[in-house]
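Just so it is clear, none of the values below were taken in a lab; they were calculated from the coordinates. Since this is a predicted model, take the numbers as computed values, not measurements. All Cβ positions, glycine included, derive from the backbone under ideal geometry; neighbour counts span all protein chains shown.
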Amino acid sequence: MENSEIKKLIEEAHKVKEHSYSPYSHFRVGAAIKMDDDQVFTGANIENVSFGATNCAERSAIFTALSAGYKPKSINAIAVAGDTKDFLPPCSICRQVMVEFCDPETPVYLTREDESILTTSVRELVPFAFETMDM
Ligand code: THU
């Protein structure tokens, strides 16, 4: 993806972060995903007083795209944005969800406060992934 497109996707992730519902952690996260037809979906982290019911930003975005009718493996890129000094990595539950719905080579753009970008991939985030029971 071109640099300007990556920056736009990150901007979308920052924008949706404003809708984060995080009264318990006060840790706002936004995610934006670009589909293979260039449509963009976004999601924020939505917390719950029963902490385990919390949904991360990445899953919010991915589930929104699937709920709109997009098929597994139609995600071309993922951007994650927070208010962190260091690069904000997706949690392991979100990584497993990415394995299910993304190609292993799907780029994942991590960001930090100084606006630098770390490009990783689903494969790099989840080496030796559990992706089938047919084994
Ligand atoms: N969180 C995300 O939304 N994405 C991440 O990549 C890491 C963590 C959320 C979950 C919870 O609402 C808050 O951040 C603190 O863990």
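If only one of SER20, SER25, SER92 is near the ligand (Cβ under 9 Å from one of its atoms) and within 14 Å of the chain's Cα centre (by Cα), which one is it?
On the way: SER25 fails: within 14 Å of the chain's Cα centre (by Cα); SER92 fails: near the ligand (Cβ under 9 Å from one of its atoms).
Just a single option satisfies the conditions, and that option is SER20.
Which of the residues belonging to the stretch 43-58 are more than 8 Å from the ligand (Cβ to nearest atom) and either over 19 Å from ARG95 (Cβ atoms) or assigned to a helix (DSSP H, G or I) (or both)?
As a first pass, look at the stretch 43-58 and keep what is more than 8 Å from the ligand (Cβ to nearest atom): 43, 48-53.
ASN48, VAL49, SER50, PHE51, GLY52, ALA53, listed by residue number.
Might you check whether a residue that is in contact with a helix residue (DSSP H, G or I) (Cβ under 8 Å, 6 or more places away or on another chain), surrounded by fewer than 16 Cβ atoms within 10 Å (Cβ to Cβ) and assigned to a strand (DSSP E or B) occurs anywhere in the stretch 92-113?
No: the stretch 92-113 contains no residue that is in contact with a helix residue (DSSP H, G or I) (Cβ under 8 Å, 6 or more places away or on another chain), surrounded by fewer than 16 Cβ atoms within 10 Å (Cβ to Cβ) and assigned to a strand (DSSP E or B).
Exactly one condition in (1) more than 8 Å from the ligand (Cβ to nearest atom); (2) of a type outside the set (Gly, Ala, Ser); (3) closer than 19 Å to PHE101 by Cβ is not met by GLU11; state its number.
It is condition (3) that GLU11 fails.
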